[in-house]
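> Could you have a look at this structure, given as structure tokens, before my questions?
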Amino acid sequence: MATAEIKMIGVVGGGQMGSGIAQVAAMHGINVWLLDTDPQALAKATASISASINLLVSKARLSQEQGTDVLGRLRCTSNMEELHSADLIIEAIVESEDIKKTLFVQLDKIAKRSAILASNTSSISITRLASSTSRPHQVIGMHFMNPPPVMKLIEIVRGADTSDETFKATKALSERLGKTVITSQDYSGFIVNRVLMPMINEAFFALYTGVATKEDIDTGMKLGTNHPMGPLELADFIGLDVCLSIMKVLHVGLGDNKYAPCPLLVQYVDAGRLGRKRGIGVYDYTKESRSKKP
Ligand code: 3HC
């Protein structure tokens, strides 16, 4: 499929990534169906996209008319049949291989024959997701970074059977969305998380073994290497459960003990300290300014 033919995309999952992806597409002139089985998640997604567009209008980055047009290109649904009109469907649901495979089986049934099925997975094998469909050559990884409206990258992941045509159409679409594309083969963690997560894990080891305080670890990486967030702050932003699950995928998939998750990361997740989304992770976000909790 040529990118010019991609007029409508479907996004499955109304969470932070799904709503961000839907916003990016609508802002680049593409009609979007945003699907979530939970109407409350859809209401939250719509409110967050509207707030984001209104902010851009208030900063004069978009005219009022452009803002209205963007929102007009976005439709929400809980009915999967609506995705039949989509030329490309991106799933951005929970990081569970079983749940994603079940979704891919359903999407394969309802999507039009020519449609590309893409996954925003951060680490699950595209080849295995593709194998649950009858169109593995039309399945691909399209990994957006968080927050999608701000981050300039899309990591495209080619499964074992992804066709050149699917790759070219997905790359062209990504560029149409204003993103720079990098391409990864389908190995655990792809490129970004293969490099990022061991760094975050190592920051947890530095904290766990008493090398330094969390603040000094983060300041060291922020001012010492010009990262916008320190690794522990970034882990809270991503979600400690997500970081742990990616470390487990690296550990199992690459079979090297250097990827073993830090016990402190495991303990925080066990304690429900999942990061910003829970109000507490490495840092405590329940107070106005972050506390000094260990
Ligand atoms: N949606 C839309 N716009 C947003 C936004 C969001 N969720 N969050 C921030 N912005 C915009 C702000 O409106 C602001 O716009 P402006 O410059 O036009 O005023 C701009 O981004 C900067 O935001 P802030 O001033 O509020 O805050 P910061 O300057 O601290 O930037 C940040 C926030 C962009 C999140 C920055 O801290 C950052 O880049 N952090 C690192 C993020 C990162 O590494 N992401 C990748 C994580 S790894 C990943 O996603 C892979 C996955 O598989 C785990």
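Every number in this text was worked out from the coordinates using simple rules, so none of it is lab data. Nothing here was measured: the structure is a model prediction, and the numbers come from that model. Virtual Cβ from ideal backbone geometry, glycine too; neighbours counted across all protein chains shown.
> Tell me, what HN-Hα J-couplings in whole Hz come from the Karplus equation 6.51 cos²θ - 1.76 cosθ + 1.60 at θ = phi - 60° for each residue of region 59-67, using x for Gly and Pro?
In residue order, the calculated couplings are 8, 6, 7, 10, 6, 4, 5, 4, x Hz.
> Just want to confirm a number: the relative contact order over the chain, from Cα pairs under 8 angstrom separated by 6+ residues, in percent.
13
> Taking θ as phi - 60°, what are the ³J(HN,Hα) couplings along region 270-279 by the Karplus curve (6.51, -1.76, 1.60), each to the nearest whole Hz, with x for Gly and Pro?
4, 7, x, 7, 8, x, 4, 4, 9, x
> Here is a follow-up. Modelled label-to-label distance, S50 and D38, 7 Å Cα→beta-carbon offset: nm?
Distance between the two pseudo-spin positions: 2.0 nm.
> Given labels modelled 7 Å from the Cα in the Cβ direction, how far is it in nm from Q106 to Y187?
Placing both labels 7 Å beyond Cα along the Cβ direction yields 3.4 nm.
> I'd like to compare 177-183, 81-87, 15-21: which one has the highest average count of other Cβ atoms within 10 Å, and what's the full order after that?
15-21, 81-87, 177-183
> Search the structure for amide H atoms under 5 Å from the amide H of V157, placed 1.01 Å from N in the peptide plane, and list their residues when 5 or more places away or on another chain.
Distant-sequence amide H within range of V157: G141, M142, H143, S184.
> For a quick protection proxy, order the peptides 114-121, 269-276 by their average other-Cβ count within 10 Å, most packed first.
Numbers: 114-121: 24.0, 269-276: 16.8.
With the highest mean Cβ count within 10 Å placed first, the list reads 114-121, 269-276.
> Roughly how far apart, in whole Å, are the Cα centres of region 158-230 and region 252-276?
If you average the Cα positions of each part, the centres end up 17 Å apart.
> Given only helices, namely DSSP H runs of n ≥ 4 each adding -39500 (n - 2.57), what is the per-residue ellipticity at 222 nm of the chain, to the nearest 500 deg cm²/dmol?
Theoretical 222 nm ellipticity from helices: -14000 deg cm²/dmol.
> Turning to a different aspect of this structure: I'd like the FRET efficiency for L223 and K168, computed as 1/(1 + (r/R0)^6) with the beta carbon distance as r and R0 of 35 Å, rounded to 0.05.
Step by step, r from the Cβ atoms, then E = 0.30.
> What does the charge add up to near R158, with Lys and Arg as +1, Asp and Glu as -1, over the other residues with Cβ less than 10 Å from its Cβ?
Counting the neighbours of R158, the net charge comes to -3.
> Shifting gears a bit: Per 0.36 nm of contour for each residue apart, how much would the distance between D270 and T286 grow if the chain were fully extended, relative to their Cα-Cα spacing?
3.9 nm
> Let me ask you something else. Once R0 is set to 41 Å, what does the formula 1/(1 + (r/R0)^6) return for the Cβ-Cβ distance between R75 and N257, expressed as a FRET efficiency to the nearest 0.05? Each step should come with its number before you reach the end.
Details: r = 48 Å, r/R0 = 1.17.
Result of the calculation: an efficiency of 0.30.
> Among E175, E155, E91, which comes first, then next, by fewest other beta-carbon atoms within 10 Å?
Working: E175 13, E155 22, E91 25.
Going from least to most buried by this count: E175, E155, E91.
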